[in-house]
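Structure, as structure tokens:
The values are calculated or read from the model by the stated rules, or taken from the named source; none is laboratory data. What you see is a predicted model, and the numbers here were worked out from it, not measured in a lab. All Cβ positions, even for glycine, are placed from backbone atoms using ideal geometry, and neighbour counts span all protein chains on display. What goes into the accessible areas is simple: the full protein's heavy atoms, side chains included, and nothing from ligands, DNA or RNA. Shrake-Rupley method; radii C 1.70, N 1.55, O 1.52, S 1.80 Å.
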Amino acid sequence: MANYDVIIIGGGPGGYVCAIRCAQLGLKTACVEGRGALGGTCLNVGCMPSKALLHASHQLHEAETNFAKMGLKGKSPSVDWKQMLAYKDEVVETNTKGIEFLFKKNKVDWIQGWGTIPEAGKVKVGDDIHEAKNIIVATGSESASLPGVEVDEKIVVTSTGALTLNKVPKKLVVIGAGVIGLELGSVYARLGAEVTVIEFLDVITPGMDSEVQKTFQRILKKQGLTFIMGAAVQKTEATKTKAKVTYKLRKDDSEQVIDADAVLVATGRKPYTDGLGLDALGVEMSPRGQVKVGKDWQTNVKGIYAIGDVIDGPMLAHKAEDEGMAVAEQVAGRHGHVNYGVIPGVIYTAPEVANVGETEEGLKDQGRNYKVGKFSFMGNGRAKANFAADGFVKILADKDTDRILGAHIIGPSAGDLIHEICVAMEFGASAEDLALTCHAHPTYSEAVREAALACGDGPIHS
């Protein structure tokens, strides 16, 4: 039996970041992870491998569509799928080994295996029981299932299986027009697949700014993705090499069937808490299966905390990381804080889509007076030079105080540009503060400044 100040169950972005911060704050720390590699879903079968494939497939798109325009002549590259998967696996291994190194550097013990909590203050892994003054649950999430849809991870796959298909399918059906479905759908579309996205709602990327939704869908259609909106999937039927997807259109209840070589089920994720023993401990859970926590991320059972995808809020790796650092501060007797009003979201398609803070729809519902500053990338010299002028920057500011309330970007490097606005919001900046800040020329970031200028007297290049 080993004694620790803190044991974190789960080695994903929330768990491993929390463990490192706890160790940095002088706490004897262990992290329990049974996957065989640290990094959780994000590094092993989620964020990182999908970004590798997004990057590789985007390079192919550039070679096929834009190289010749720039005077780069030659035969277009062919796709070696096995090599592309090997590249993806190398990216994963490099990152997961990096976390192992950080654990050793910070003297965090990695207890390999699956953890359960037989009672407060104790974590069981295999036959061993370890004691801890504090236990932090960071076990993440798993793909949500659909009735009538049986996943085999070969023909009918989740995001995990979509990263290891044995070949690029000729026809791919994606169930769900959220972040995961659109990212992986765009990968396979660039690689030559005929991609059809079936979505239950009438809009893609639910909860996003409506103007961005419409623009984003229009761009994806131009890239070859087909959308069937307002459709409820009834079932999938798979053979060894093919699948049929049956769906009903909500507008007239008509039943339709579509054939596919592969089906990606991308209908969201749900908290993963199976086997932890939380029910027996009396830990309060929400109707949606989330662990209930207070402002200090502590459950109703003293000494047991939870962070990341298992609790309420957006299922984002960086949200889990922030909570991991904050709860470490709490456990160490300091004050941990997460500003939930400034958590960016990013979709890593091309163009990228990013947002932070309020949407126009949300501000209207609140009855809040606001103004909009908008600037198109068509007016940005760098974007035009790089064949990346689709999209815009939209900044929402309070009409009376000019304080920035939110921002929505669709365009090149949107996932990086959004953080300028995040920092501004964290400091309570006004749109004028952003507009008066010198931005290097020529950069994509000038579009952000122009949108801020549009909140005042108007942009220069529009």
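Points worth noting:
- Only a single criterion out of (1) open to solvent by less than 20 Å² (accessible area, probe 1.4 Å); (2) closer than 21 Å to Leu316 by Cα; (3) part of a loop (DSSP other than H, G, I, E, B) is not satisfied by Thr139, namely (1).
- Region 412-432: number of residues that are more than 11 Å from Ser445 (Cα to Cα) and either out of contact with any helix residue (DSSP H, G or I) (no Cβ under 7 Å at 6 or more places or on another chain) or not aliphatic (A, V, I, L, M) (or both): 10
- Ile409 at pLDDT 95 or above and either open to solvent by 70 Å² or more (accessible area, probe 1.4 Å) or closer than 27 Å to Ser186 by Cβ (or both): yes
- Residue within region 397-405 that is surrounded by 18 or more Cβ atoms within 10 Å (Cβ to Cβ), within 22 Å of the chain's Cα centre (by Cα) and either at positive phi or without any contact (Cβ under 8 Å) to a residue 40 or more places away in the chain (or both) present: no
- Top-ranked residue in region 54-94 [being of a type in the set (Val, Ile, Thr) and out of contact with any helix residue (DSSP H, G or I) (no Cβ under 7 Å at 6 or more places or on another chain); ranked as farthest from Leu163 (Cα to Cα)]: Thr65
- Qualifying residue in region 294-306 (condition: out of contact with any helix residue (DSSP H, G or I) (no Cβ under 8 Å at 6 or more places or on another chain), aliphatic (A, V, I, L, M) and in contact (Cβ under 8 Å) with a residue 60 or more places away in the chain): yes
- Restricting region 421-452 to residues that are open to solvent by 20 Å² or more (accessible area, probe 1.4 Å) and in contact with a His (Cβ under 9 Å, 6 or more places away or on another chain), the residue that is farthest from Thr349 (Cα to Cα): Arg449
Here's the yes/no breakdown for (1) crowded, with 17+ Cβ neighbours inside 10 Å; (2) aliphatic (A, V, I, L, M); (3) at pLDDT 95 or above:
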residue: Asp152; (1), (2), (3): no, no, yes
residue: Ile155; (1), (2), (3): yes, yes, yes
residue: Thr160; (1), (2), (3): no, no, yes
residue: Val173; (1), (2), (3): yes, yes, yes
residue: Gly178; (1), (2), (3): yes, no, yes
residue: Val195; (1), (2), (3): yes, yes, yes
residue: Ile198; (1), (2), (3): yes, yes, yes
residue: Thr205; (1), (2), (3): yes, no, yes
residue: Met208; (1), (2), (3): yes, yes, yes
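- Candidates Lys221, Lys248, Lys214 - the one that is more than 30 Å from Pro412 (Cβ to Cβ) and open to solvent by 20 Å² or more (accessible area, probe 1.4 Å): Lys248
Let's see how each residue does on (1) within 27 Å of Gly178 (Cβ to Cβ); (2) modelled with pLDDT under 95; (3) hydrophobic (A, V, I, L, M, F, W, C); (4) open to solvent by less than 20 Å² (accessible area, probe 1.4 Å):
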residue	(1), (2), (3), (4)
Ala332	no, no, yes, no
Gly336	no, no, no, yes
Glu352	yes, no, no, no
Asn355	yes, no, no, no
Gly367	no, no, no, no
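- Filter result (open to solvent by 40 Å² or more (accessible area, probe 1.4 Å), farther than 22 Å from Val283 by Cβ and among the hydrophobic types (A, V, I, L, M, F, W, C)) within region 308-320: Leu316
- From the options Val342, Val327, residue that is touching a residue at least 12 places away in the same chain (Cβ under 8 Å) and assigned to a loop (DSSP other than H, G, I, E, B): Val342
- Residue selected from region 338-350 under the condition under 14 Å from Pro314 (Cβ atoms) and of a type outside the set (Gly, Ala, Ser), by the criterion most open to solvent (accessible area, probe 1.4 Å): Tyr340
- Among the candidates Glu284, Glu323, Glu237, Glu255, residue that is open to solvent by less than 30 Å² (accessible area, probe 1.4 Å) and among the acidic types (Asp, Glu): Glu323
- Taking (1) more than 30 Å from Arg21 (Cα to Cα); (2) over 21 Å from the mean Cα position of the chain (by Cα) in turn, Pro118 satisfies each apart from (1).
- Screening Asp259, Asp309, Asp253 for residues that are more than 19 Å from Gly10 (Cβ to Cβ), in contact (Cβ under 8 Å) with a residue 60 or more places away in the chain and out of contact with any Phe, Trp or Tyr (no Cβ under 6 Å at 6 or more places or on another chain) leaves exactly one candidate, Asp259.
- Filtered by the rule that a residue be part of a loop (DSSP other than H, G, I, E, B), over 24 Å from Pro206 (Cβ atoms), open to solvent by 10 Å² or more (accessible area, probe 1.4 Å) and in contact (Cβ under 8 Å) with a residue 12 or more places away in the chain, region 267-281 gives Thr273, Gly275, Gly277.
- All positions within region 224-234 that are in contact with a Phe, Trp or Tyr (Cβ under 6 Å, 6 or more places away or on another chain) and surrounded by 22 or more Cβ atoms within 10 Å (Cβ to Cβ): Ala231, Val233
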